[in-house]
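Inspection log for the structure reproduced underneath, given as structure tokens.
The values are calculated or read from the model by the stated rules, or taken from the named source; none is laboratory data. In this text the structure is predicted, and so the values were computed from the model without any measurement. Counting neighbours? That spans all protein chains shown, and the Cβs are built from the backbone with ideal geometry, glycine included. The protein model used for the area step is the full one, side chains on, heavy atoms only, and it has no ligands, DNA or RNA in it. Shrake-Rupley method; radii C 1.70, N 1.55, O 1.52, S 1.80 Å.
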Amino acid sequence: MFCGSQGRHLDPDVTYSNIGDGFLAVTWSLSNLKFSWSDSFGDHSIDGPDLSRSASGSAPLLPDDQARTYHLESGAYDILPELPDSPYVALSLAADVTISSKGIETLRHAEIGGNAVPSDSDLYLDPSDEDDLFVPCNLGSGDDLVYSLGELTTYQDFTVTSYLVVDVGINAGLIPVPHDAISFATPTFELGSSSKSFNISAPGMSFNLGEVLPNNIPPTAVTEDEYFGSEGTAITFDGSLSKSVCGVIPTLKWEFSDGGVEYGAKPKHTFEAPGMFTGLLTATDMTGLTATKTFTIEVDNLKPTANAGPDMSTKWGIPVTLSGSGWNPGTYQQSMLDYAWDFGDGTPSASGGPKVNHVYDLPGTYDAELTVTDPGGLYDKDMASVVVQKRDTQIGYFGPLSSSSSQMIPLKAVLKDEFGIPLGGRLVEFTIWHETLGILQTATAKTDNNGVAIANLKLKIKAGNYWITTRWNPISGSMDDQKYTRCDTNNGFKVGKK
């Protein structure tokens, strides 16, 4: 009965056994043999008969990639008669038979419930081979595993080298037989060699190894115990060393204590707030078995970024809107940022939001500084330049434009700024002048709360055409009057005869 499970290596030992030794035989045929020799009695020669000799022995055919040499030798043949106290010459034939083997080759195929197991494997049996058969997890448990071997093939290389062995000696003793043979020399002569290959094959076979058991080994979830990062910045997590006996990395699910969920071997996750967080890695294999691993994440706080907005310009006394902003690397603290403004004019700073209105009382250039602070006390600053300008003024003459000589006339003017606001308490100067004669008469008066100035002037000029200039000049050094620009106006004035 098969005891293998999904996700395991079956590792069957595929072996063979040798049923017995083979029989090896060599046959030689010799013809036209002629022998000659010399001794004290003279020169001698003899024609030998045609000979046929054979030798045999056992020789197992083992396909184990080893070469084996077997020595075979035939019985001796006496060339001369066996006579007492006479020489003898005996011939024998020998062979060295070298057999080179190759292991048995076959192709393994396996099926589970009629579905082919991926990757057929070439097996080489020498003399046994362990098949690294993997039982995949995606094939159903409870089905039989059928293990098949294709045609079995091997070959044997034979090399035969033959020798003629001559034994020369003397027969000692006075009686013909039996007698003692004393050998003087046994020269050996190589006759040559030949080679031959034989291919051997056998049909394949199949085995039903029984039922496949379900996988019972859960995967391993592997990741670091601690991770570190900063708020608002993606942190890479690594579970690539997680394993499963199913041969593929298990499905990985990452759950974080901020509510986030990620998937995969190397996901990224961004924490929108600083602090200590926990995580849970769950590994699930193809068969539904799971394993978990917990870990911690320390997320650093990063300071926010302040932006005071664009540089601004305005008139003094008119509200200017400063439109700043703050950005926190983690969105969780974005709504918790604190905004504080220093307007740069000595007035108390303001807080409450990135956008504020402020009124500057004097012209000049001011640095408005915005400080943005997160709940952890980290902060950033930025400045915007605010150019505060003087207000333009307008003066309008609405007194008489003609009179007779020596009359008392009321010179009238109204003084306002560019926004139509009356300027009270300002000294207005009226000048009557001639293009050729120059300044002839002047009068001054202060404006009332409505910005109106009235100066009564008795005319002391002759009849003719003149100019009336109405002028207001801010007083140098006066803090209040430094807020305004100078203005004047000219009107034609006609004086008739009394």
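Values for this structure:
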| item | result |
| --- | --- |
| Some residue of the range 325-333 being farther than 30 Å from Ser478 by Cβ, of a type in the set (Phe, Trp, Tyr) and in a strand (DSSP E or B) | yes |
| Search result, residues across the range 422-473 that are among the small types (Gly, Ala, Ser) and open to solvent by 20 Å² or more (accessible area, probe 1.4 Å) | Gly424, Gly425, Gly438, Ala463, Gly464 |
| Residue among Thr294, Thr314 that is of a type outside the set (Phe, Trp, Tyr), under 30 Å from Pro218 (Cα atoms), in a strand (DSSP E or B) and touching a strand residue (DSSP E or B) at 6+ places or on another chain (Cβ under 9 Å) | Thr294 |
| Cross-chain or 6+ apart pairs with Cβ under 6 Å, the range 146-166 first and of a type in the set (Phe, Trp, Tyr), then open to solvent by less than 40 Å² (accessible area, probe 1.4 Å) | Tyr147/Ala110; Phe158/Ile99; Tyr163/Ala94 |
| Single condition Gly451 does not satisfy, out of (1) within 23 Å of Ile318 (Cα to Cα); (2) out of contact with any Leu (no Cβ under 7 Å at 6 or more places or on another chain); (3) of a type in the set (Gly, Ala, Ser) | (2) |
| Any chance Glu231 is of a type in the set (D, E, K, R), farther than 30 Å from Ser5 by Cα and surrounded by 15 or more Cβ atoms within 10 Å (Cβ to Cβ) | yes |
| Meets criteria (of a type in the set (Phe, Trp, Tyr) and open to solvent by less than 50 Å² (accessible area, probe 1.4 Å)) for Phe398 | no |
| Residue that is nearest to Ala273 (Cα to Cα), among those in the range 331-382 that are among the small types (Gly, Ala, Ser) and open to solvent by less than 70 Å² (accessible area, probe 1.4 Å) | Gly376 |
| Answer residue from the range 101-112, given it is among the small types (Gly, Ala, Ser) and at pLDDT below 85 and is least open to solvent (accessible area, probe 1.4 Å) among those | Gly103 |
| Cβ-Cβ under 6 Å pairs, at least 6 apart or on other chains, the range 359-382 side without any contact (Cβ under 8 Å) to a residue 40 or more places away in the chain, far side charged (D, E, K, R) and surrounded by fewer than 17 Cβ atoms within 10 Å (Cβ to Cβ) | Tyr366/Asp345 |
| Residue count, the range 299-317 (criterion: of a type in the set (S, T, N, Q), within 47 Å of the chain's Cα centre (by Cα) and either farther than 30 Å from Glu231 by Cβ or open to solvent by 60 Å² or more (accessible area, probe 1.4 Å) (or both)) | 2 |
| Search result, residues across the range 238-285 that are buried (at least 19 other Cβ atoms within 10 Å of the Cβ) and either among the charged types (D, E, K, R) or at positive phi (or both) | Lys253, Asp285 |
| Residues within the range 131-148 that are modelled with pLDDT under 80 and more than 38 Å from the chain's Cα centre (by Cα), tallied | 0 |
| Among (1) of a type in the set (A, V, I, L, M); (2) under 27 Å from Ile200 (Cα atoms); (3) surrounded by 19 or more Cβ atoms within 10 Å (Cβ to Cβ), the one test that Leu93 misses | (2) |
